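The values are calculated or read from the model by the stated rules, or taken from the named source; none is laboratory data. What you see is a predicted model; the values in this text were computed from it and never measured. Methodologically, a virtual Cβ is constructed for each residue, glycine included, from the backbone with ideal geometry; neighbour enumeration extends over all protein chains shown.
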Amino acid sequence: MVRIAAVLVTVVLVTLPFGFFRAYTCKLSLRWFLAIHVPVILVFLARYEAHLSYAFIPFTALAFASAQFLGGRLGRWWIKRRPIAPVADGPRESCRAQ
């Protein structure tokens, strides 16, 4: 039980910064793709090193998705909170011009 909790906490702590970074990227760009898929390798390694079976994949996927969501929300909140934004609507405004 402790291994499962440790893996889920690790998944959230590893994935949260990637979700935060994803808020600063243009949707469907290479950086956006990497912000989503690089932590998948780390999540797999954490599950593999803890010797968890395939039955725990849904739990790690749920932790991964929730951390990506919370990291993205936190990133968007941080962008709005900054006193001086580089672009009027934040850094994503330049993505719409492309």
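Quick look at the values:
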{"quantity": "Criterion (at pLDDT 95 or above, within 13 Å of the chain's Cα centre (by Cα) and of a type outside the set (S, T, N, Q)) met by exactly one of 42, 62, 74", "calculated": "62"}
{"quantity": "Residue, nearest to residue 75 (Cα to Cα), within the range 1-22, restricted to residues that are aliphatic (A, V, I, L, M) and within 12 Å of the chain's Cα centre (by Cα)", "calculated": "16"}
{"quantity": "Where a residue in the range 23-34 is under 19 Å from residue 79 (Cα atoms) and its partner, wherever it lies, is modelled with pLDDT of 90 or more and of a type in the set (A, V, I, L, M), with Cβ under 8 Å and at least six apart", "calculated": "23/74; 25/35"}
